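Every number in this text was worked out from the coordinates using simple rules, so none of it is lab data. Bear in mind the structure is a predicted one, so any value in this text is a computation, not a measurement.
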Amino acid sequence: MRTLLLAGFISLGSMAQAGTEALPLTYETFEVSVPHMDLENCPSGMDVTNAFCRATLHHEEFHVFAFSYDNESPLVGFKTYSAEGLDALLK
């Protein structure tokens, strides 16, 4: 499934380069497509406001997705962390 999601992101990037406007990833699409966990707060290292965060764990990386509370909750931030620092990140 993660490979399919990555292929989708690559396709969206290709569309943008071809002059076709890419559609934003909304939380509604993310929620049903990507296995994730809800975070109570976004990590302090993410520069987002008025947003909520969700996380995925893949291999040795922890991926945090930030979605806006505004409009249709589009993706407004993304950051990858090493899973080794997970304890500190979640505090």
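Roughly speaking, what is the stretch gain from residue 34 to residue 82, that is 0.36 nm per residue apart minus the C-alpha to C-alpha distance, in nm to one decimal? Let's see the in-between values first.
Values: separation 48, 0.36 × 48 = 17.28 nm, distance 1.93 nm.
Length difference between fully extended and current span is 15.3 nm.
Give me the extension gain from residue 21 to residue 69: residue separation times 0.36 nm, minus the current Cα-Cα distance, reported in nm with one decimal. Could the numbers behind the result be given before it?
Numbers: separation 48, 0.36 × 48 = 17.28 nm, distance 2.27 nm.
Contour length minus the Cα-Cα distance gives 15.0 nm.
Would you kindly state how much longer the chain becomes between residue 41 and residue 61 on full extension, computed as 0.36 nm times their sequence separation minus their alpha carbon distance, in nm to one decimal? Spell out each step's value before the answer.
Values: separation 20, 0.36 × 20 = 7.20 nm, distance 1.86 nm.
The span from residue 41 to residue 61 would gain 5.3 nm if fully extended.
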